[in-house]
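To keep things clear, I will list the structure first and then write my remarks on it.
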Amino acid sequence: MKFFKKKQKNYTYQEWLELDEEFISEELRRWTLYGRKIGKKTQSELVKGFNTEYSKIKAEVLTTGFDFIGWGSLIPCIYIVVSNSKIRLPNYFASLPLNKGIIQEKLEDDKYVIKWRHGGSKNLVQIKNGKLKHLGLYKWRERKK
């Protein structure tokens, strides 16, 4: 698209931190427009940067990653799933929202009920080999059947 000022490029975590806010906003809009097709390497670098910066809480973390949240999945963010609600994390990391999920209940070997900071809903997720898969909203009444 012609309205983007610079060509798409992959950035390391350190390069990303050196970009100005206006360009980061432009890049995030580009990711939103093209969804999961572009920026994969940069997104992966930002998650690695987060894991390095917060390595002291590694024992409490089930998984971290990059995803899109919000109505229509329009907001790019870094997510983290933790077992302890007392872990304090910022709302943003590297100019991206940080969505913290807290385990509410473990249902099966790899299925959990998680409450997310942004959105506040309880979701049923599967965490297998460090990868998070959304299975939908958690409906406690269905479980009691």
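Listing for the model above:
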| read-out | value |
| --- | --- |
| CD proxy at 222 nm, helix term only [per DSSP H run n ≥ 4: -39500 (n - 2.57); per residue of the chain; nearest 500] | -7500 deg cm²/dmol |
| Two-site FRET efficiency, residue 129 against residue 10, from Cβ-Cβ distance with R₀ of 30 Å, rounded to 0.05 | 0.75 |
| Per residue, the convex hull volume that the Cα atoms of the chain enclose (Å³) | 122 |
| Entries of 9/128; 37/58; 106/131; 115/139; 100/122 with Cα pairs more than 19 Å apart | 9/128; 37/58 |
| Of all DSSP beta bridges in segment 58-108, antiparallel share, percent nearest 5 | 65 |
| With at most 14 other Cβ atoms within 10 Å, longest stretch of the chain clear of loop chymotrypsin sites (Phe, Trp or Tyr not before Pro) (DSSP) | 72-145 |
| Estimated dipole of the chain in Debye, rounded to 20 [Cβ of Lys and Arg +1, of Asp and Glu -1, Cα centre] | 660 |
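Only the coordinates and a few stated rules stand behind these numbers; no lab work does. Note that the structure is a prediction, hence the values are computed from the model and not measured. Ideal geometry is used to build each Cβ from the backbone, glycine not excepted, and the neighbour counts take in all protein chains shown.
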